[in-house]
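Structure record follows, encoded as C-alpha cells.
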Amino acid sequence: MKVAVFSTKPYDREFLAAANGKAGHDLQFLDVRLALETVPLAQGAEAICAFVNDDLSKPVLEALRGLGIRLVALRSAGFNNVDLEAARDLGIKVARVPAYSPHAVAEHTVALILALNRKIHRAYNRVREGNFALEGLLGFDLHGKTVGIVGTGKIGEALARILAGFGCRLLANDPVPNPACERLGAAYVPREEIFAQSDILSLHCPLTPDTHHMIRAETLPLLKPGMMLINTSRGAVIETRSVIRGLKEGIIGSLGLDVYEEEADLFFEDLSDRFIRDDVFARLLTFPNVLITGHQAFFTREALT
Ligand code: NAI
C-alpha cells in the first residue's frame, strides 16, 4: 500500500522503515505538516500517516477522500486533531496508537514532579558553576502529600501505581472510575474537590470540549494555593495566560509541562539559532519554577472508525 507519511523527522523515517521491513508498504516520507494546502502531496496514496500537529479537520479529510484516501493511521494516542464524525461519514478508517507505553508517560510525569520539587534543573546549573548554596532549593516530602490525577485511564493508572509507592494520598477525577486505581487507594472526587485538595495536580485526560481550558481564570481560585500543576496530556487542557497569572500570584507554586497549547510552531523543531516568537511561551521560560519538555517521544494500533 502506498502511504503518505506527514510531519516526519529522521527518527520517524528510521523506525517506520525498519517496522515496514516485511510489510513492504511504499512509504512516502514528507517533512511537511498535513494541512489543506499540503493534501495534494498525498496524490496516489491509499493511506496517510499523521502526527499530533497534523490537521485532520473535515475540509482536510474531504480533500484526502477526494484523492482516494481510505485510511488515516495516527502515530499518536491522542486524536483530538481528527474530526472522527467526518471521517466516519466519508468512509475513512482512522487508527491510532492505542497506548504509547503508558509507563513512559507516567514515569516522565514523575520525573517532572521530582525535578520541580527538588529543583534539580537549578541545582544542576548551580553546581556546574561551583555554586553550592542551598537557598531556593528547598523541596518537600512527597510522602503523605495529596496528588490529584485527572483522567485515570492507562497513563493515570500507571502514575497512581508509582505514586502509591511514594506514600502519596491519591485523589482521582474521571467520569469512568478505574477499579485498579480504587484498589490503590485513590478516592474519586468531583473536579472542584480535586482542585481544592491536591498539593500536586496531574492531568491525564484527553482533550475534549469538557476538558478544554480546564485550568483557566475562573478555575484558578479553586486550586490549593502553592500547588504543583503538571500537564502531560494536551496543551489546551490549560489556558496558558491564566496559568502565568496563577504563577505570578503564587496560586500555582510550580508548573511542569510536556505539552503546550500553541506547540505546533515550536515543538519537534530545533529553533536554537532563532528567537521564540511566541511571547506567552517565552514568558513561561522566565520562571525558575517552570519546567518544560517538548513532547517527549514515548513510542502498538487500534481502530477508531
Ligand atoms: P486513556 O484513554 O487510557 O485514558 C483517558 C482517561 O481520561 C479515561 O479514563 C477517560 O474516562 C478520562 N476522561 C475522559 N474525559 C474526562 C474528563 N472530562 N475528566 C476527567 N477524565 C476524563 O488515555 P491514556 O493513554 O491514559 O492517555 C491520556 C492522554 O494523554 C491522551 O488522551 C493524550 O492526550 C495524552 N498523551 C500524551 C502523550 C505525550 O506525549 N505527552 C503521549 C500519550 C498520550
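Throughout, read-outs are computed from the coordinates displayed, never taken from laboratory work. All figures in this text were calculated on a predicted structure; none of them were measured in a lab. Note that we place each Cβ from the backbone using ideal geometry, even for glycine, and neighbour counts take in every protein chain shown.
Run the numbers on the stretch 1-148 and let me know its relative contact order in percent, using alpha-carbon pairs under 8 Å that are six or more apart.
Taking the mean separation of contacting Cα pairs over the length of the stretch 1-148, I get 17 percent.
If R0 is 45 Å, the Cβ-Cβ spacing of K9 and V127 corresponds to a FRET efficiency of close to 0.85.
Put one equal scatterer on each alpha carbon of the stretch 102-304, apply the Debye formula with no solvent term, and list log10 I(q)/I(0) at q = 0.14, 0.16, 0.19 1/Å to two decimals. Values, matching the q order: -0.83, -1.08, -1.49. When you filter the GluC sites (Glu not before Pro) in the stretch 151-204 for DSSP loop state and at most 10 other Cβ atoms inside 10 Å of their Cβ, nothing is left. Full extension of the chain between K22 and K248 yields a length gain of 75.9 nm, computed as 0.36 nm times the residue separation minus the alpha carbon distance. Taking 28 Å as the straight-line reach from the Cα of K58, the lysines in range (excluding those fewer than 8 positions away in the same chain) are K2, K9, K93. Pairs with C-alpha atoms separated by more than 28 Å, drawn from the list K154/K248; K119/K248; K154/K224; K119/K224, are K154/K248.
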